[in-house]
């Protein structure tokens, strides 16, 4: 099938019969890209235009032609001032001519008209349009796009077709053809317009808007070969580069083509295994379907401008801004969400829908396997009480935009009620955030999307949340930062209100720190939000199903099993996967984020371990325990040395990055350490910026952010009285800066100019990915990012690699709640057979079931006294019971709400009894460890060391087995001297590694001194030669040294220093001055 056959025999009939377009002959289209016949028909005959047109025509004394010409002139002026055709139509759905309002486009789902008016829009397709541009009476350019699309006579975009049968592909030939056509047009613009000295810049821009509109005003340009379809929306972003190469006389298209291809992306397919023709139908329906074109017009295109605060109110700056429109994967993801919601709503009253759907998917699977999978699916709670969609999207993918696009569509979504009257589907659309910066981002997004402030309300506590529920405002931003937990928001009273409503929650990032404390695990907002809806008090009252849509780059097994998609007959029993995904691996390959593993610099600080001095030597013998991590991470001498290292890197490397606008984050172990770092880094930084070379960085702030803690001073005081919101604002506006954090801002903090992450704490798993993702955002002139790891023994090098291996691709779950359930059933039997249960449960329930005694602590005193005596008298038996009770709660917390459990497992008095038992047992066996830890000293050695991470291993999950307890006893004494010796032996190795790396730097500096190029460089350093020239010369010497001595010195040295060449140059210059 050649291109003409593809057009004429397949695509045109599909546009006509499948998508509702009409075909128009190419010779009826004007240079202004308007189908006069369609425009005339729409303004004259469509329902809302008939009467206004009659009035307008009288003003023109019946002259239809002049009326149409004046309207087209007005349209051309408006189009020229719009960034693309979607924005033009959205802003000009109606237009005023001679004081009379004429409609140019009817939207769907009107309250009064339903889809009747929308169906009157005239969608047209033109084959082989001969686009010609005449300038001063002469044709200066022409080309023929294969298919050009219009609505009501107004241009939308075009598609370039290629055929595999002629060895042409969209990927290679189609994309190249689109760029060539645009490149040639810009070249002609340069020759006839840009080079014309008689024209002003304003006149040149006017001609550009008119001449290049077929490229630059298109909603999108596509190219397809049936099998694959590629989409580009912002080809005008490359105008300046093309014009520059034309002005320089190079006319070089090759480099620009690489850049264009990085955004001219493949549009994803839902049905990967479909026939080619069906694939093309799916893609063209997604891109050119009439309702999809409407979405482009109403939702998917907006201008992003900077937001500022004016008298306490956020406003958008009156500036040109830049066009935001969805990348193929973003639009695909948003459309996929909306399509799934349509499916869920259609089957909301069918409780067995997902089982029936799975049964269809299992055609061809053996009956035994089918039965097993259906039983499993039936047992899962997923999507039973609340619908959920889990999106695995890499940081930097543009989640906020997807949330905005989805929220706008959900806000407008309507369906007919039982009386056939169109009603809003969702009573509220709630955007859930838990970070100030995320809150600010959503705020700015809403302003840029032209969402009226009166359409949005914010809830920051239970009172404002209830007010939001009662208000008519349907878009609600729920700021969790001021809520202690989600359960405070969703109490019984609120759940009662929600039971009669249908609400959608959009969660910007499902993971949050439990309390902002660095020792707390990440918790899932998804879990916190859904749990109240799974309770009986809600499910018994609910008449509609709420929807929770959660976004994260790091879904864990539990989250996938509770909120993911059942993947049917899956390999290795990995049954659950995200609803949609755009992984870190994909984002790195596409160039949307940087690879954080590429540049991890391990910096070790050598420590010494020793026994403390015993002031009672000769009187009392003391016992000691091993060192605690906080002794290392809070050691003031170590903090002082690292702070000096950090300050040095800031001025010699970090702040020079991204053309002098680089910033950094320092994540540390504790609030105490953070406060110490704030003082030490500030002191060393202030000393460095006194030097003339670094004075330009003197205004770079050193900020600190952490959650308030009664034991420590507030961060506000350390930031000169600035609130956290002001700190974030100041950091964003500063050219350079360092942000010191403990746990806050390690998730959800988006500052694209963060280049370097300093780590003096241990991170792993989800926390590792969330933290390193703070620096991998891309922005103009940012080509890489860096992680400098100060963690003890540099464990983060391996931890980050392991976490990245797990989360960089689509995460699927092999979580086995059914195996856990079997163990839970055994534990229930064992606990009910235990002596503790038989002797004390009846006594406990007599108190617990008595409403008078239940809340009186004194009622439990005799019970607790008897139980304590029993625990003391039966160490083996109660240790085993304690182990089983603890395991019972662990498993119950893990699988409750994931699969349906019999109520016997969570009977309140049974659970409360074992909670009491566990609490008493723990109190009696609390470790009174009064031993002092050994002393830890910093040995005054710090530097880069060679750390090679091992290959990440796929850990096989062991099946859960029933716990057995061992009674606590005195325990064996560790040989503390042997521990000290082992630790110091390890530290000696670290010292050797630091020395080895330092020696290699000294050897390199010696080479610089002795080489002829180095001698010339030294003369330049002592003269008034520009800084850039010195860095460039030093870099050349470094590259020569690497080429000559790579095998001798080793790859590792060059890997760790290739991004620190300017710092080495500064260090060499300092060495010269000292000598």
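Taking the convex hull of the Cα atoms, report for the stretch 3-301 its projected area averaged over all directions, in nm². Mind showing how you got there, number by number?
On the way: hull surface 67.9 nm².
Averaged projected area of the stretch 3-301's Cα convex hull equals 17.0 nm².
Before rounding to the nearest 500, sum -39500 (n - 2.57) across all DSSP H runs of length at least 4 in the chain and divide by the residue total; then give [θ] at 222 nm in deg cm²/dmol. Please list the in-between numbers first.
On the way: 42 runs with 478 residues, N = 1075.
Estimated from H runs of four or more residues: -13500 deg cm²/dmol.
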Debye-sum result for the stretch 729-888 in log10 I(q)/I(0), which assumes one identical scatterer on each alpha carbon, at q = 0.14 Å⁻¹: -0.82
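Give me the mean projected area, in nm² to one decimal, of the convex hull enclosing the Cα positions of the stretch 612-812. Numbers along the way, then the final one.
Details: hull surface 59.6 nm².
Average projection, Cα convex hull of the stretch 612-812: 14.9 nm².
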Cα shape, the stretch 817-924, gyration tensor, a/c 1.5 rule: oblate
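So for the stretch 1-151, considering every pair of alpha-carbon atoms, how many percent are separated by more than 20 Å? Walk me through the numbers on the way to the answer.
Values: 6446 of 11325 pairs.
Of all Cα-Cα distances in the stretch 1-151, 57 percent exceed 20 Å.
Any chance you could run the full-extension gain for residue 277 through residue 184? It's 0.36 nm times the residue separation minus the Cα-Cα distance, nm to one decimal. Each step should come with its number before you reach the end.
On the way: separation 93, 0.36 × 93 = 33.48 nm, distance 3.23 nm.
Fully extending the segment from residue 277 to residue 184 adds 30.3 nm.
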Cα-projected label distance for residue 903 with residue 94, points at 7 Å along beta-carbon direction, nm: 5.8 nm
Between the stretch 861-891 and the stretch 388-423, the Cα center-to-center distance that results, in Å: 51 Å
Per principal axis, descending, Cα span of the stretch 168-228 in whole Å: 48, 21, 10
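Give the order of 774, 1016, 656, 78 when sorted by the count of other beta carbons within 10 angstrom, beginning with the fewest. Can you show the working numbers first?
Working: 774 24, 1016 12, 656 20, 78 15.
Lowest count first: 1016, 78, 656, 774.
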Compactness of the stretch 118-205 as Cα Rg over 2.2 N^0.38 Å, two decimals: 1.37
Fewest-first ranking of 914, 576, using other Cβ atoms within 10 Å as the exposure measure: 914, 576
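Using only alpha carbon pairs under 8 Å that are at least six residues apart, calculate the relative contact order of the stretch 990-1074 and give it in whole percent. If you can, show how the numbers build up before the last one.
Working: 32 pairs, mean separation 25.1, N = 85.
Computed over the stretch 990-1074, the figure is 30 percent.
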At 1.002 mPa s and 20 °C, Stokes diffusion of the chain via Kirkwood alpha-carbon radius, µm² per second: 63 µm²/s
At q = 0.19, 0.23, 0.24 Å⁻¹, base-10 log of I(q)/I(0) for the stretch 990-1074 (Debye sum, equal scatterers on each alpha carbon): -0.84, -1.20, -1.29
The chain - percent relative contact order, Cα under 8 Å, separation 6 or more: 9 percent
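Could you compute the FRET efficiency for residue 946 and residue 726, with r as their C-beta to C-beta distance and R0 at 45 Å, rounded to 0.05? Show your work: numbers first, answer last.
Working: r = 42 Å, r/R0 = 0.94.
About 0.60, to the nearest 0.05.
Could you work out the Rg to Rh ratio of the stretch 932-1075, with Rh taken as the Kirkwood radius (inverse of the mean 1/r over all Cα pairs)? If you can, show how the numbers build up before the last one.
Numbers: Rg = 24.2 Å, Rh = 19.8 Å.
Ratio value, two decimals: 1.22.
Laboratory data are not the source of any read-out in this text; all were calculated from the coordinates shown. Given the structure is predicted, the values throughout are model-derived calculations rather than measurements. Every residue, glycine among them, receives a Cβ derived from its backbone with ideal geometry; neighbour counts consider all protein chains shown.
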